[in-house]
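Here is the structure we will look at, set down as structure tokens.
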Amino acid sequence: DAVLGSLGDKGSGVSGVMSGSFKISLHAGALNALQAHAEGRYSTTKFALASSADTPFAEDVGRQALRMLEVIPGMTVWDLLMRDWVGIDVNQIGRQPPLSSNKAKSHFPRLKEATGVRYDEMLFFDDCLWSDHVAMVTAGCKELDTGRGVVGIRTPQGLRDAEFERGLQEFSRRAIR
């Protein structure tokens, strides 16, 4: 079931999705980043998702939530992701084969293959509390020619504005070198 509510200063829309008694919603920083991207602020950037939803049911719920949660009125998260990739689903959601719990060995190699984006051109935010995916991905996903890999930021309380900005700064700083 859709939960209508505030989309920040962009108006109202589907701000939550109920799955049983649990409400799925975007963290404020994620919503703000997606809204800025939807409005063209990061026009040379493409967004994609890597999720370790642990059951086929969780994968289905996650994908359905992405198709319902709005970034701005009338545009869902899924719409924005599909806009970036011209209708191709490059997202890596779940742990069912060929995916696994180790994003460095499954999700990110598949993202690289599906998108053509090099590891050293990726920025990754992760809120996982039970495993340090950022450490695994930044250590395990590097380009042979540069030795550089994914820039990763842990977000244990969900993506907040300050963490998003820190990620952009770290990515930019590394690109300057």
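No lab work stands behind these numbers, since they all come straight from the coordinates. Note that the coordinates shown come from a computational prediction; the quantities given were computed from them, not determined experimentally. For neighbour counting, all protein chains shown are included, and Cβ atoms are generated from backbone atoms with ideal geometry for every residue, glycine included.
With a cut-off of 14 Å on the backbone N, the residues of region 105-124 near the modelled label site 7 Å out from Arg148 along Cα-Cβ are 118-124.
Beyond 18 Å in Cα-Cα separation lie the following of the pairs Lys10/Lys46; Lys46/Lys105; Lys103/Lys142; Lys23/Lys103: Lys10/Lys46; Lys46/Lys105; Lys23/Lys103. Using Cβ point charges alone (K and R +1, D and E -1), the dipole size of region 116-177 about the Cα centre works out to roughly 200 debye. Overall, the anisotropy analysis places region 137-177 in the oblate class: the square-rooted eigenvalues a ≥ b ≥ c of its C-alpha gyration tensor yield a/c not less than 1.5, with a/b not exceeding b/c. Taking the DSSP beta bridges with both ends in the chain, the antiparallel portion is around 60 percent. Shown in residue order for region 31-39 are the 3J(HN,Hα) couplings computed by the Karplus curve 6.51 cos²θ - 1.76 cosθ + 1.60 at θ = phi - 60°: 4, 4, 5, 5, 5, 4, 5, 4, 8 Hz (x for Gly and Pro).
Close amide H pairs (under 5 Å, H built 1.01 Å from N) link Ser19 with Ile24, residues at least 5 positions away or on another chain.
Maximal additional length on extending the Ala135-Ser25 stretch stands at 37.0 nm, based on 0.36 nm per residue less the C-alpha distance. Only Cα pairs under 8 Å and 6+ residues apart enter the sum, and on that basis the relative contact order of the chain stands at 20 percent. With the convex hull of the Cα atoms taken as the outline of the chain, the averaged projected area works out to 10.2 nm².
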